[in-house]
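Here's the structure, in structure tokens; my notes come after.
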Amino acid sequence: MKEVKEHNDKNGCLISIKSVKDTDADRLYFINVISRLSDSVKGYSYFQFSRPNYNVSDIIKELRIIQHTNDKLSCSDDYFECVFVCTEISVSLLRCLSLIWFAFDHCAFCLFDTPSIPLNIDRQSWYYITSMSRSFVVFKGAEDDVVWIGKSNSIEYPLLVDIT
């Protein structure tokens with residue numbers, strides 16, 4: 001069982017999920033978390049990830065294969081920094097996102113309740129993004145095994161404690 005903690009100093013708009021490791025079971029857990037969050041907002045998604053821990057060319061190749069016509073993938077030549085934007089999160093993309101989460105040091109996955117990105121979010125804090133739009137921001141902090149999730153005041157977290 002994962003430790004899901006609400007951080008009250010952020011008005012209930014920030015939770016952490018502790019002890020999410022790079023294992024098959026935890027990748028499935030992560031997929032289920034992202035799936036529930038994306039089902040709650042059903043809008044535009046923006047994924048930013050950088051500083052790979054190892055050769056990620058196979059993951060990026062898979063991402064290129066599953067992207068739809070209107071999706072946009074932008075990566076530096078060495079995959080040091082990548083951005084992927086889309087309007088639909090498929091099962092294949094969820095699987096790929098779980099691999100990305102554990103392959104890169106810095107990840108920020110923004111899920112919006114709008115058909116387009118309503119503001120410039122490049123390198124913005126979770127608090128700024130969620131205060132300016134109805135959204136969830138899933139991100140990494142200093143601890144690799146902790147998933148942080150920020151949200152707008154106007155939306156509720158889907159039930160996350162029952163995910164196994």
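The values are calculated or read from the model by the stated rules, or taken from the named source; none is laboratory data. Everything numeric here is computed off the predicted structure, so don't read it as measured data. All Cβ positions, even for glycine, are placed from backbone atoms using ideal geometry, and neighbour counts span all protein chains on display.
The numbered conditions (1) surrounded by 20 or more Cβ atoms within 10 Å (Cβ to Cβ); (2) out of contact with any helix residue (DSSP H, G or I) (no Cβ under 7 Å at 6 or more places or on another chain); (3) under 20 Å from Lys18 (Cα atoms) are all true for Asp105 except (1). May I ask you to verify whether Trp101 is touching a Gly at 6+ places or on another chain (Cβ under 7 Å) and at pLDDT 90 or above? No: the conditions fail for Trp101. The single residue among Arg95, Arg134 that is touching an Asp or Glu at 6+ places or on another chain (Cβ under 6 Å) and not aromatic (Phe, Trp, Tyr) turns out to be Arg134.
Within the option set Leu73, Leu94, being touching a Leu at 6+ places or on another chain (Cβ under 7 Å) and either closer than 20 Å to Gly43 by Cβ or surrounded by fewer than 18 Cβ atoms within 10 Å (Cβ to Cβ) (or both) holds for one residue only, Leu73. Would you check if Arg27 is charged (D, E, K, R), modelled with pLDDT of 90 or more, within 13 Å of the chain's Cα centre (by Cα) and part of a helix (DSSP H, G or I)? So Arg27 fits the description; yes. Residues of the stretch 51-90 being outside any loop (DSSP other than H, G, I, E, B) and either free of Cβ contacts under 8 Å to residues at least 24 places away in the same chain or among the small types (Gly, Ala, Ser) (or both), which ones? Of everything in the stretch 51-90, those that are outside any loop (DSSP other than H, G, I, E, B) and either free of Cβ contacts under 8 Å to residues at least 24 places away in the same chain or among the small types (Gly, Ala, Ser) (or both) turn out to be Ser57, Asp58, Ile60, Lys61, Arg64, Ile65, Lys72, Leu73, Ser74, Cys75.
Inside the stretch 107-153, residues that are closer than 20 Å to Arg51 by Cβ and part of a strand (DSSP E or B) make up a count of 11. Please determine whether any residue of the stretch 7-14 is outside any strand (DSSP E or B) and either at pLDDT 95 or above or farther than 21 Å from Phe136 by Cβ (or both). Looking through the stretch 7-14, none of the residues is outside any strand (DSSP E or B) and either at pLDDT 95 or above or farther than 21 Å from Phe136 by Cβ (or both).
Lys42 meets the conditions (1) at pLDDT 90 or above; (2) within 25 Å of Asn120 (Cβ to Cβ) in every case but one. The failed one is (1).
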